[in-house]
Amino acid sequence: MKKVAVIIIIALAVTKAGAADLRSLFIGMPDSIMPALTKSERMDFIDYMESGMRARVSNKLGGQSEMTRMTDSYLTVATSQSGQMDMALFKKKDGTNLICIIKTAITRYSDSKLTFYTEDWTPVPLKGVIELPEFDDYLTKTALKNDSLADFKSASMLRFQSVTPIEGGLEFRYTSLDDLGEDADRYRSWFKPEPLRYIWNGKKFRNR
């Protein structure tokens, strides 16, 4: 009965002014985006979360996947012990949503990949909505003026960065500093202590 109720709520949401909400978009996403989980299992996630239960299901790979958070604008699914998918909605100027999918591999370093879609799941070119951070964006002004910067860059270029959805934007973190081994602590102060925050303005994400 719970699953039937979810279907009815989604149908009503889609008919209102043509706007789609997070739940309906998540359930209706192409299977290719989350190949280890079926539409029925995505519906179970919503059912469990709205019932206040632990939202864990068995996936096609024989493991466990769990939805760990869900708001009106973003959700997080631990797809496996080493993988995570975030989905976030950002309202566009025309009233529809830009869908952001963040897939993060969680191994020694967390490494995220971004993809964007329209509400009908048509891919949106990355360059059309965001310019991803470069290595220098993570460095302090002091580091950028240091005579040793060139040597540092040759040892540690931008390799991995993680991305987290926040209300109204995205946060980027540099995650491969420890790749330098024993030299990591020497350079840690060169990096900005806070994540890079990109705010959505209805057309593009801007670094703030």
Task: Straight-distance crosslink candidates among lysines, where the alpha carbon sits under 26 Å from Lys39 and sequence neighbours closer than 8 are dropped - done: Lys2, Lys3, Lys16, Lys60, Lys91, Lys103, Lys113
Open item on the list: Which residue fluctuates most in the GNM of the chain (Cα springs below 10 Å): Phe45, Phe152, Phe160?
Closed with: Phe152
Task: Packing-based order for 84-91, 144-151, using average beta carbon neighbours within 10 Å, highest first - done: 84-91, 144-151
Task: Where labels lie 7 Å past Cα in the beta-carbon direction, separation of Arg159 and Tyr109 in nm - done: 0.4 nm
TODO: For the stretch 135-151, take each phi angle, set θ = phi - 60°, evaluate the Karplus expression 6.51 cos²θ - 1.76 cosθ + 1.60, and give the result in whole Hz per residue in order, putting x for glycine and proline.
DONE: 3, 4, 5, 8, 8, 6, 4, 4, 5, 5, 9, 6, 5, 8, 4, 4, 5
Task: Options [x] 36, 21, 13; [y] 29, 19, 18; [z] 32, 25, 14 - which one matches semi-axes √(5λ) of the Cα gyration tensor in Å as calculated here - done: [x]
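Within the set of other residues whose C-beta is less than 10 Å from the C-beta of Phe205, count the net charge using Lys and Arg as +1 and Asp and Glu as -1.
Working: positive: Arg197, Lys203, Lys204, Arg206, Arg208; negative: Glu131.
Net charge around Phe205: +4.
Taken together, the values in this text are just the output of simple stated rules run on the coordinates, not laboratory data. Quick caveat: nothing in here was measured; it's all calculated off a predicted structure. Virtual Cβ from ideal backbone geometry, glycine too; neighbours counted across all protein chains shown.
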